[in-house]
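Working notes, structure below.
Each reported figure results from applying straightforward, stated rules to the coordinates on display, with no laboratory input. Predicted, not measured: the structure shown is a model, and the values here were computed from it. Here the Cβ is made from the backbone with ideal geometry for all residues, glycine too, and neighbour counts use every protein chain on show.
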Amino acid sequence: MKKYFKIKKDMPDINPSVFRVFLPFAFGYFLSYLFRVVNAVIAPDLVADLNINPSQLGLLTSTYFIAFASSQLPLGILLDKFGPRIVESFLLIFAGTGAFIFAKSQTLTGVIIGRAFIGFGVSACLMAAFKSYVIWFPEKLWPRINGFQMAAGGLGALSATTPVEWLLNMTDWRGLFLLLAILSFFSALGIFFIVPEKKSQNNQDSFSLQIKGIKQVFKSQYFWRIAPLTAMTQASFVALIGLWAGPWLRDIEGMQRSEIAIVLFWAAVALTVGYICLGFIAEKLAQRGISILYTAVTGMSIFIGIQIFIVFQISIAPTFLWILFGFFGTSGILSYAALSSNFPRTLSGRVTTSINLLVFIAAFILQWLVGAIINLWEVSAAGNYHPSGYQAGFLTILGLQLAGLAWCLFPGLKKRK
């Protein structure tokens, strides 16, 4: 604790408590992650109530990601121009509205619209926090504070498992989303009235200069060395943990709903621990001369290896594998800090939103694609999906991750860096 509060010595110009900066953004991201993964638990209810097939379920859930992705580039400009407090508090109003629409809709079209509003509304929850931390904290603390921020998301993922299962004993998925709507409006108010504002150096730049900054990011060879691997691993992580892990455990491992919730609970615990621990590990290794990028790529490589064990059902307890999946699935977030440190701080909002754009476009495609592939096989009379469909879908996204890893490690690209 003593070491932690040395932050103020590193930044004598910071007057507000670090908790005024961190906690409101952390709660917003808690909600964002809960929204992202809750469908893994309520999927059977959605299928039954809306009478939808695997492809439609994948489309419904992945709509969050395409709405999220569509806002990323303008979001980077807005964050750098107006600051994270105003931008995120405004957008969270859309998340609350979307949750209300989702809860009240009786058709697939209605819940898709609601899901899109939610994705758009929470699109700033992570990037606004990262932008705020770049403004308020020294560079050496970015991996650690980003890890704590991601841990808040992990708690959201954890809350979307056993706690949601418990709530569903008292209400249905519609009641759950009404509660989430209220919490979203509360979060918007909290960020607006609690978080202090500290504008970045270039917040008065013209629109043309803002666009020029985006071009600078996308022309960077360093960016394109890291982006494909990060996008594929993070997209696969959220596509599976956010939806298809639940049906896989039901149809492949033969688990009941309560058992699935427990496995996903422990995976979410591992996710939370991973975000915290990997941030600390990256920070310590960086002090010893090992780059954050090296740590990130190592973690993402292990994550890919774990998926090989899952897909081929190698004789290891599935709960243990999904715990490892949750822990090492967080390693891709280290890439954000690695990228930010290689660009001017004035571009930090556009750097993180640029990589996030790629991640969530990929997440939309992969989450829907797995459902579309599964739908190529016949659904059983009991409503279970065919094992061959799962294996084909999971192998497809595994292959894309391996391609991203090969690109990152390609020696010719390293020489041109």
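With a cut-off of 8 Å between alpha carbons and a minimum separation of six or more residues, what is the relative contact order of the chain in percent?
The value is 27 percent.
Given axes a ≥ b ≥ c from the Cα gyration tensor, I'd like to know whether the range 141-257 is rounded (a/c under 1.5), prolate (a/b larger than b/c) or oblate. Since a/c reaches 1.5 but b/c is at least a/b, the shape of the range 141-257 is classed as oblate.
Springs between Cα atoms under 10 Å define the GNM used for the chain, and in it the highest mean-square fluctuation of ALA152, ALA392, ALA67 occurs at ALA392.
Remark: the range 171-182, residue by residue, has Karplus-estimated 3J(HN,Hα) of 8, 10, 5, 5, x, 4, 6, 5, 4, 5, 4, 4 Hz, where x stands for each Gly or Pro and the curve is 6.51 cos²θ - 1.76 cosθ + 1.60 at θ = phi - 60°. Residues considered: PRO228, PRO163, PRO84. Largest GNM mean-square fluctuation over the chain, using C-alpha springs under 10 Å, is found at PRO163. Contact order, relative form, for the range 243-321: 20 percent (alpha carbon pairs under 8 Å, 6 or more residues apart, mean separation divided by residue count).
By definition, a body whose alpha carbon gyration tensor gives a ≥ b ≥ c is prolate when a/c is 1.5 or more and a/b is larger than b/c, and the range 31-82 fits this prolate description. Label point of SER388 set 7 angstrom out along Cα-Cβ; within the range 219-252, no amide nitrogen lies under 13 Å from it. Put the Cα centre of the range 367-384 next to the Cα centre of the range 138-183 and the gap is 28 Å.
All Cα-Cα distances of the range 299-377, cut into 10 Å bins from zero to the largest, leave 15, 32, 34, 14, 4 percent in each bin in turn. In terms of other Cβ atoms within 10 Å, ASP45, ASP251 run from fewest to most in the order ASP45, ASP251. Along the range 273-281 the Karplus relation, 6.51 cos²θ - 1.76 cosθ + 1.60 evaluated at θ = phi - 60°, assigns HN-Hα couplings of 4, x, 4, 6, 5, 5, x, 5, 4 Hz to successive residues, with x for each Gly and Pro. Once you put a point 7 Å from the Cα of PHE193 and another 7 Å from the Cα of ALA381, both along the Cβ direction, what distance in nm separates them? Output for this residue pair reads 5.9 nm. When the convex hull of its Cα atoms is viewed from all sides, the chain shows a mean projected area of 19.7 nm². Please work out whether the range 62-181 counts as rounded, prolate or oblate from its C-alpha gyration tensor, where a ≥ b ≥ c are the square roots of the eigenvalues and a/c under 1.5 means rounded, while otherwise a/b larger than b/c means prolate and anything else oblate? Because a/c hits 1.5 or more and a/b fails to exceed b/c, the range 62-181 counts as oblate.
Only one residue of ASN384, LEU180, TRP142 has its Cα farthest out toward the positive end of the dipole of the chain, where Lys and Arg carry +1 and Asp and Glu -1 on Cβ, and that residue is TRP142.
Counting other C-beta atoms within 10 Å, which of ARG350, ARG20, ARG85 has the fewest, and how do the rest follow?
ARG20, ARG85, ARG350
Distance between the 7 Å Cα→Cβ label points at LEU179 and ASN53: 3.4 nm.
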